[in-house]
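Engineer: Input: one structure, supplied below.
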Amino acid sequence: MNISKSLQALLAATVLATVPLALATPAWAHAALVQAVPAVGATIGPPAPAELRLSFSEPLELAFTKVTVIGGDGQPAQTGPLALDPADAKILVVPLTGALAAGVTTIDWTAVADDGHKSNGTYSLTISK
């Protein structure tokens with residue numbers, strides 16, 4: 001097959017332009033909870049913690065991230081405004097502004113990574129009397 005030099009040059013330029021795009025892998029990651037302080041499943045207190053620190057696998061978009069804390073009495077716990085750790089946008093800080101009732105506390109979270117992908121989960125810890 002005889003291909004003209006201009007067509008060969010065009011094909012080569014097309015391949016060179018598209019190969020990097022084909023090899024690039026987009027960041028389609030979801031923020032997964034990798035650690036919590038107090039730890040997932042821990043028994044703590046008294047006193048109950050003043051804050052929760054949730055560490056995720058990806059940096060978070062704070063405006064779309066939510067946390068609900070349900071105390072051992074089944075009532076929502078009072079929390080302050082969520083914040084990201086100034087040193088690490090993967091760490092979400094949840095201030096606990098009210099007392100947590102003794103018993104199993106449930107933490108329900110929805111995290112949005114800064115790439116826009118949403119993930120959610122639930123874990124618990126126990127506040128002893």
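The values are calculated or read from the model by the stated rules, or taken from the named source; none is laboratory data. In this text, all values refer to a predicted model and were calculated from it rather than measured experimentally. Cβ placement follows ideal geometry from the backbone for every residue including glycine, while neighbour counts extend to all protein chains displayed. Ligands, DNA and RNA are stripped out before the accessible areas are found, and what is left, the full protein with its side chains, is counted by its heavy atoms. Shrake-Rupley method; radii C 1.70, N 1.55, O 1.52, S 1.80 Å.
Engineer: Using the Cβ atoms and a cut-off under 12 Å, what net charge is assigned to the surroundings of Leu62, where Lys and Arg are +1 and Asp and Glu are -1?
Structural biologist: Details: positive: Lys66, Lys90; negative: Glu61, Asp85, Asp114.
Local charge sum for Leu62: -1.
Engineer: Give me the one-decimal nm value for the distance between modelled label points at Leu62 and Ala87, 7 Å along each residue's Cα-to-Cβ direction.
Structural biologist: Between Leu62 and Ala87, the simple spin-label model gives 1.7 nm.
Engineer: Something else now. Give, as a single signed number, the net charge of other residues whose beta carbon lies under 15 Å from the beta carbon of Gly45, with Lys and Arg counted +1 and Asp and Glu -1.
Structural biologist: -1
Engineer: Could you compute the FRET efficiency for His117 and Ala39, with r as their C-beta to C-beta distance and R0 at 35 Å, rounded to 0.05?
Structural biologist: Details: r = 25 Å, r/R0 = 0.72.
According to the calculation, E is roughly 0.85.
Engineer: While we're looking at this one, here's another question. Protein chains only, probe 1.4 Å: how do Lys90, Lys129 rank by accessible area, largest first?
Structural biologist: Ranked from most to least accessible, the order is Lys129, Lys90.
Engineer: Separate question: Determine the gain in length on full extension of the stretch Thr97-His30; use 0.36 nm per residue of separation and subtract their C-alpha separation, reporting nm with one decimal.
Structural biologist: Roughly 21.2 nm would be gained on extension.
Engineer: Under a straight-distance cross-link criterion of Cα-Cα below 16 Å, which aspartates and glutamates are reachable from Lys129, leaving out those fewer than 8 residues away in the same chain?
Structural biologist: Straight-line reach from Lys129, under 16 Å: Asp73.
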